[in-house]
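To start, the structure itself, in structure tokens.
The values are calculated or read from the model by the stated rules, or taken from the named source; none is laboratory data. All values derive from a computational prediction rather than experimental measurement. Note that each Cβ is placed from the backbone with ideal geometry, even for glycine, and that neighbours are counted across all protein chains shown. In case anyone asks, the SASA skips ligands and DNA or RNA and just uses the protein heavy atoms, side chains included. Shrake-Rupley method; radii C 1.70, N 1.55, O 1.52, S 1.80 Å.
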Amino acid sequence: EDRSSTFETRPRTATDIRAWFTPRHPITVVERDGQVIAFASTSAYRPRECYAGIAEFSVYVDRAARGSGAGRAAMQALITAARDAGHWKLLSRVFPENAASRALLASLGFREVGTYERHAQLGDQWKDVVIVEKLL
């Protein structure tokens, strides 16, 4: 809701989230006491067949669970699931000021490829994003 790590312009609906579930694109969830505290998901990178083994990913951790290892657990499981699904690369974009996500991804072997400047607007503010990738 605070939009500190996403360009989403509205809360996701159950219908939005149901569309994520496909045989080709794994999703991992971390629960504590029956509540989802983190998830990581993959989606198609581009529609062209030559990119079929590349997946974009997102990882989100409930604010109260940040720093608990839930994001690491979600990403470690996602990396394994993506490899098992036949993907050869994961990639994403991270806000430059999101130091915790950047550190987590670096510790998991992701490399920062570059920066898209003025990639999109969040409200009335232009935001850059750092491009990250990991070869599986």
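Descriptive notes on the structure:
- Result for the chain in a Gaussian network model with C-alpha springs under 10 Å: among Ala74, Ala55, Ala19, the largest mean-square fluctuation is at Ala19.
- Shown is the FRET efficiency for Asp33 and Ser58, computed with R0 = 22 Å from the Cβ-Cβ distance and rounded to the nearest 0.05: 0.40.
- Rolling a 1.4 Å probe across the protein heavy atoms gives the chain an accessible surface of 62 Å² per residue.
- The structure shown yields Cα Rg over 2.2 N^0.38 Å, and of the options (1) 1.03; (2) 1.16; (3) 1.44 that calculated value carries the label (1).
- Modelled spin labels at Ala19 and Asp84, positioned 7 Å past Cα toward Cβ, are 2.7 nm from each other.
- With K and R counted +1 and D and E -1, the other residues having a Cβ less than 13 Å from that of Glu117 yield a net charge of +2.
- Solvent-accessible area, 1.4 Å probe, carbon plus sulfur percent, for the chain: 50 percent
- Annotation: amide H-H contacts under 5 Å for Ala38 (H modelled 1.01 Å from N, sequence separation of 5 or more, or interchain): Val30, Asp62.
- Charge dipole magnitude, Cβ of K and R +1, D and E -1 - the chain, Cα centre, debye nearest 20: 260 debye
- Selected from Leu122, Leu104, Leu90 as most flexible by GNM, with the chain as the system and alpha-carbon contacts under 10 Å: Leu122
- Ellipticity at 222 nm from helices only: DSSP H runs of n ≥ 4 in the chain, each -39500 (n - 2.57), divided by the residue count, give -6000 deg cm²/dmol.
- What the phi angles of region 112-126 give under the Karplus curve with 6.51, -1.76 and 1.60, with θ = phi - 60°, is a coupling list of 8, 8, x, 10, 8, 8, 6, 5, 6, 9, 10, x, 9, 10, 6 Hz, glycine and proline written as x.
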